[in-house]
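First comes the structure, then the notes that go with it.
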Amino acid sequence: MHTDSTAGHPYEALAERIRDRIRSGQYAPGSQLPPLRALADAEGVAYETARRAIGWLAESGAVRVTTHGTYVEDSPPVGSGWQHRLRLWQATGSTTGAAEIIKGADIRHVRPPRHVAEIFELPPGTRQILRRRYIVGDDDRPRAAVTEWWSPDLAERVPALAEPRPNVQPPGTVLTAVRDATGRQPTTGRDAMVAREATGWEADALRVRDGAPVLALVWQWSDGSGLMVYGESVLPAGIEVGYAY
């Protein structure tokens, strides 16, 4: 992903200016951007430059292009992979859409289960920051129960990971705090899907019975220094999962 608006092609510079306006709130989530011709005229660029800039933003998940115009992305599609949420954070500073609400946030410093310890290649007995929360829609229906395990070296350097009152943190604050404190931010990721039974906490969050069948979106975000966070986003029955390709 390009972040230097002073280098590269003119369409990249325009895309970064638009992205900055999205981050600042000048272009609010769900709002419509100017038509391509009007955008090109206002920015003093060629129509083709504006078209390519919007296409680049659409590819990164910052905007969506429809037959009725171009709109700032306001929420990841229900059941979307964490690739989309990472792109949403890169575009807006938030991993949660405007129509989603964080509830029941919980933070613990505990020994991880064996499969998590193996993923991080941790010595026996090592403790990790465990962050849990669940997401509901604006209709209060459960959308996901999210569990995150953060790299121990990040936990030592980023106090926000152990923030005792996570409910007051805007979505995306922790990821931004990690970037600001360490200079690290996810550059690569991996998503997988696993069908399994809900744990007790997940069942309570999703309002299903303990042990009910659920679909877990398993994800890992890394940078050049290694794995940063491993998570599982568990979806209740009836949530559609889709990927464009």
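Where a number appears in this text, it was derived from the coordinates with a stated rule and is not lab data. Just so it is clear, the model here is predicted, and its values are computed rather than measured. No Cβ is skipped: glycine too gets one built from the backbone with ideal geometry, and neighbour counts run over all protein chains shown.
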In a shell of Cβ-Cβ distance under 11 Å around R52, excluding R52 itself, what net charge do Lys and Arg (+1) and Asp and Glu (-1) give? -2
Could you size up the charge dipole of the stretch 86-235 around its Cα centre, putting +1 on the beta carbon of Lys and Arg and -1 on that of Asp and Glu, and report it in debye to the nearest 20? 120
Pulled fully out, how much extra length does the chain show between T67 and D140, if you take 0.36 nm times their separation in residues and subtract their Cα-Cα distance? 23.2 nm
